[in-house]
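Comments concern the structure below.
The values are calculated or read from the model by the stated rules, or taken from the named source; none is laboratory data. Quick caveat, the model's predicted, so the values are computed rather than measured. Neighbour counts are summed over all protein chains in view; Cβ atoms, including those assigned to glycine, are modelled from backbone coordinates with ideal geometry.
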Amino acid sequence: MLRRALITLSHSATMRRMTSDFPPARRMARRFVAGETREDALQVIQQLNEMGALVTLDYLGEHVTDKALARASAEEYETVLDEIASRGLKSGVSLKLSAMGLHIDEKFCYHNVRDIVTIAAEKGRFVRIDIEESALVDVTIEIYRRLRAEFDNVGMALQAYLHRTRNDLQALIDDGIADIRLVKGAYDEPPDIAWQEREKIQQEMIALAKMMLTPEARAKGARMALGSHDDVIYNEVIAYANDLDVDPQRWEIQFLYGIRRDELKRLLAEGVRMRVYVPYGGSWYPYFMRRLAERPANLVFFLRAAAGK
């Protein structure tokens, strides 16, 4: 119930304005967001690289309905890719199609993303297309397939809690284009299309990860990024990969910035390939609300900060 309420509030323009102007919220958001400027983000990438972690950088924004704003987001990605390359940072980028103008015009969105992928290819960088609510899954896969027909420096994300994901993943594996960031899923989806129970979602994530690590899937080029902070999930996947003697460079675990920092250090020390998803920008409110929804401890921390405790 609380999770659903917070996700609903993440779409509220009124709450966005109130929260964005609320100092405790801005301070709390910095736990999960690198900052509002490009330089903030680049400094965080440098720090994480020095720890031994790779990065995927996300310029925050979603559900854009203005062409100028969508184009400005695309240009920000083009600029930050140049900065990442010129500084020799170990980072790619992640983006949301709804920030690139998907709700305005699909063709316009596609060309924005293609421009970014083209520049990323020239710079030797990777682009990950984030997955959004279930209504956008089909068009996201379609755009991804179009891009993969031309580029190999692009991947996408899939959500383990959707009933359809096993079939979507198998089709991408069969077609030799399964470069996938596997995540639990952070949107409020109904029981008829998404698993609701935590244990079931854990089981699905483990099963989907193992699908991508099989010799058959790897022979077809499958590459897997496991986006999870759940040690029940990643410990079993690590053990499975070790049993199959999978090259550690062929897969990785991804954490969100600001979450499980001690565990990040531990896994890096054990030689696990780790990447941190680092968001930045002024449009941090929806992302922040989803982080509160994921863990009650985050909300308690925020409420204490708001009360000055």
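Going residue by residue through region 257-278, is there one that turns out to be among the hydrophobic types (A, V, I, L, M, F, W, C), within 22 Å of Ser94 (Cα to Cα) and modelled with pLDDT under 95?
yes
Mind listing just one residue for me: the one in region 162-198 that is touching a strand residue (DSSP E or B) at 6+ places or on another chain (Cβ under 8 Å) and of a type in the set (D, E, K, R) and, of those, farthest from Ala217 (Cα to Cα)?
Only one residue tops the list, namely Glu189.
Pick from region 52-75 the residues that are touching a Lys or Arg at 6+ places or on another chain (Cβ under 7 Å) and not in a loop (DSSP other than H, G, I, E, B): which of them is nearest to Pro248 (Cα to Cα)?
Going through the qualifying residues, I end up with Leu54.
Give me the pairs, please: first residue somewhere in region 237-263 and under 21 Å from Gly155 (Cβ atoms) and in contact (Cβ under 8 Å) with a residue 40 or more places away in the chain, second residue anywhere and small (Gly, Ala, Ser) and surrounded by 13 or more Cβ atoms within 10 Å (Cβ to Cβ), beta-carbon distance under 7 Å, and either six or more positions apart or on two chains.
Glu252/Ala225; Gln254/Ala225; Gln254/Gly227; Tyr257/Ala34
For region 42-91, name all the residues that are basic (Lys, Arg) and over 23 Å from Leu226 (Cα atoms). Lay out the reasoning, then the answer.
Residues of region 42-91 basic (Lys, Arg): 67, 71, 87, 90.
Correct list: Lys67, Arg71, Arg87.
Tell me which residues, restricted to region 178-230, are in contact (Cβ under 8 Å) with a residue 60 or more places away in the chain and assigned to a helix (DSSP H, G or I).
none
Among the residues of region 242-255, which ones are buried (at least 20 other Cβ atoms within 10 Å of the Cβ) and among the hydrophobic types (A, V, I, L, M, F, W, C)?
Within region 242-255, Trp251, Ile253, Phe255 qualify.
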